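The values are calculated or read from the model by the stated rules, or taken from the named source; none is laboratory data. Given the structure is predicted, the values throughout are model-derived calculations rather than measurements. Cβ coordinates were reconstructed from backbone atoms using ideal geometry, including for glycine residues, and neighbour counts include every protein chain displayed. Keep in mind that these areas ignore ligands, DNA and RNA; they rest on the heavy atoms of the full protein, side chains included. Shrake-Rupley method; radii C 1.70, N 1.55, O 1.52, S 1.80 Å.
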Amino acid sequence: MTAEIAILNRTAVALSADSVVTLVGAQSAKTYDSAEKIFQLSRFQPIGLMIYNNALFMNAPLEVLVRRFRETLTSNQFKELVQVWPAFETFLVQFKHEEVDRIDHFIGMLGAELKELHSALITFMLMSITRRGRKPDMRKWFLEKIAERSSVALERPLKGDFLADITLEQFAGAFAEATKKSAGQWLNSTPVVVDEDLIQALCGMMLNIIRSDQRSGAYTGFVFAGFGWDEIFPTLLSIELDGVYFDRTRTMNRQFIDIDRRGDTAAVIPFAQKDMPERFIFGIDHLFEETLEKSVEEIVSQVVLQAGKTFTKKAAGDVRAAAVKQYRAGVERLKQRSETALKTVVNHMAKKELGELAYSLVELTSHKRRYSTDMETVGGPIDVAILTRNEGFIWVRRKHYFDAAMNPQYTHQHS
């Protein structure tokens, strides 16, 4: 994981990111503090890119792909910052890859689903052992669970009707073989036989899941920030990429910030691990907010319960709903007040101060992870870059895997 911050006002953009990358294995996890997460995306325009979560795209390091994309840019070709993503998206889709690289993401998503289904199947099998009478049909039960999971996915469609024109036959033609292999690995020690009907059911389930807004663990977050050549004030576009299917990117959680004279004149946006920056910006982080909401609901439920027959069942539900609504509204007012106060200050910050604030917010998250029982998924050297329309992309803090003093040719080539 990681912690990243983007801070914008009408003068500049500050980008800051830690250096930790977490490699997760079957039974262990290890962190390294040498990852690069901030990149100068163009040599001709002040445009930067931050990445978070998965640092690979089709098994190729994004660090390599970003630099390769930068080599394809030969002029001030982006009138507006939002034009960067379509060009970068096309580059990623057309980047040379093998068939196994293309289906790796699907195998990962399918594996996560099969793990849950397998666990539920084992539990059901153990429970059925203690039952008397006719033994249940394991295959029928398993197919019902697949249908239930598929129905849940159908209720959460991804915006834009992703793969709406792809039929189940087309999808199965592309992924049936991988589905058969993965299902065989998970179900070979169970009574459920992997046949064509089961594979078809799994393919149907996966098609609905991929069409849904469910985010896998292998997504990559992209944060583009800076200036198009026709933009006076900076803008930011963030988007999460979660797989490529039928040469189309599966994207979600798009966010656009446009700094202007009278609209948003400043913004502080955290990415990835947001808890500490959210506390600084809003006075409360989303996990704490959700926990408090549950506590409010439980307290009101206890009060209603103690009242006995004073409340009908419908009235009790209405009281709980009203209490939660009032809680949310009150917290939202406090959050807006805190954010507005911070934005008022950020609006007038100089470039140097923007960089210092961005650095401090990432450092705060790093210290929280270090001095707690949590795994240190944020840490290492913190990189900071400032982007302005006149000076361009400027590194304020930047780590190197080498001693710059011993490599003067590097400084000369990249000055």
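Can you pull out every residue in the range 184-206 that is closer than 15 Å to residue 103 by Cα and either open to solvent by 20 Å² or more (accessible area, probe 1.4 Å) or among the aliphatic types (A, V, I, L, M) (or both)?
206
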Q: Mind listing just one residue for me: the one in the range 369-392 that is open to solvent by 50 Å² or more (accessible area, probe 1.4 Å) and more than 21 Å from the chain's Cα centre (by Cα) and, of those, nearest to residue 346 (Cα to Cα)?
A: 389
Q.
Can you list residue pairs whose Cβ atoms sit under 8 Å apart, with the first residue in the range 152-174 being more than 14 Å from residue 214 (Cα to Cα) and the second being open to solvent by less than 30 Å² (accessible area, probe 1.4 Å) and part of a loop (DSSP other than H, G, I, E, B)? Count only pairs 6 or more apart in sequence or on different chains.
A. 171/163
Q) surrounded by fewer than 16 Cβ atoms within 10 Å (Cβ to Cβ), part of a helix (DSSP H, G or I) and either at pLDDT 95 or above or under 28 Å from the mean Cα position of the chain (by Cα) (or both) - does that describe any residue in the range 154-167? A) yes
Q | the range 168-201 - residue that is polar (S, T, N, Q) and part of a loop (DSSP other than H, G, I, E, B) and, of those, modelled with the lowest pLDDT | A | 189
Q. So which residues in the range 120-147 are among the β-branched types (Val, Ile, Thr) and either touching a Ser or Thr at 6+ places or on another chain (Cβ under 6 Å) or in a helix (DSSP H, G or I) (or both), if there are any at all?
A. 122, 123, 129, 146
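So that you can scan it fast, the table gives a plain yes or no per residue for (1) within 15 Å of residue 351 (Cβ to Cβ); (2) of a type in the set (A, V, I, L, M); (3) modelled with pLDDT of 95 or more:
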| site | (1), (2), (3) |
| --- | --- |
| 1 | no, yes, no |
| 8 | yes, yes, yes |
| 16 | yes, no, yes |
| 30 | no, no, no |
| 34 | no, no, no |
| 38 | no, yes, yes |
Q. Which of (1) among the basic types (Lys, Arg); (2) under 23 Å from the mean Cα position of the chain (by Cα); (3) closer than 24 Å to residue 173 by Cβ does residue 96 not meet, given it meets every other one?
A. (2)
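Criterion first (of a type outside the set (Lys, Arg), surrounded by 13 or more Cβ atoms within 10 Å (Cβ to Cβ) and more than 25 Å from residue 32 (Cα to Cα)) does residue 361 satisfy it?
Values: of a type outside the set (Lys, Arg): yes; surrounded by 13 or more Cβ atoms within 10 Å (Cβ to Cβ): yes; more than 25 Å from residue 32 (Cα to Cα): no.
Judged against the criteria, residue 361 is not a match.
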Q) Regarding residue 274, is this residue modelled with pLDDT of 90 or more and out of contact with any Gly (no Cβ under 8 Å at 6 or more places or on another chain)? A) yes
Q | Failed criterion for residue 117 (all others in (1) surrounded by 14 or more Cβ atoms within 10 Å (Cβ to Cβ); (2) in contact with a Ser or Thr (Cβ under 7 Å, 6 or more places away or on another chain) hold) | A | (2)
Q. What is the number of the single condition among (1) touching a helix residue (DSSP H, G or I) at 6+ places or on another chain (Cβ under 8 Å); (2) surrounded by 14 or more Cβ atoms within 10 Å (Cβ to Cβ); (3) not basic (Lys, Arg) that residue 89 does not meet?
A. (1)
Q.
Report every pair of residues separated by at least 6 positions or lying on different chains whose Cβ atoms are under 6 Å apart, first residue within the range 91-115 and closer than 11 Å to residue 206 by Cβ, second not small (Gly, Ala, Ser).
A. 106/175; 110/206; 114/186
(Q) With the structure loaded, tell me whether residue 159 is more than 28 Å from residue 255 (Cα to Cα) and not small (Gly, Ala, Ser) or whether it fails that test. (A) no
Q: State all residues of the range 207-220 that are buried (at least 21 other Cβ atoms within 10 Å of the Cβ) and either of a type in the set (Lys, Arg) or out of contact with any helix residue (DSSP H, G or I) (no Cβ under 6 Å at 6 or more places or on another chain) (or both); if no residue qualifies, say none.
A: 210, 211
(Q) I need the full set of residues from the range 229-256 which are open to solvent by less than 30 Å² (accessible area, probe 1.4 Å) and over 21 Å from residue 390 (Cβ atoms), in order please. (A) 237, 238, 239, 240, 241, 242, 243, 244, 245, 249, 250, 252
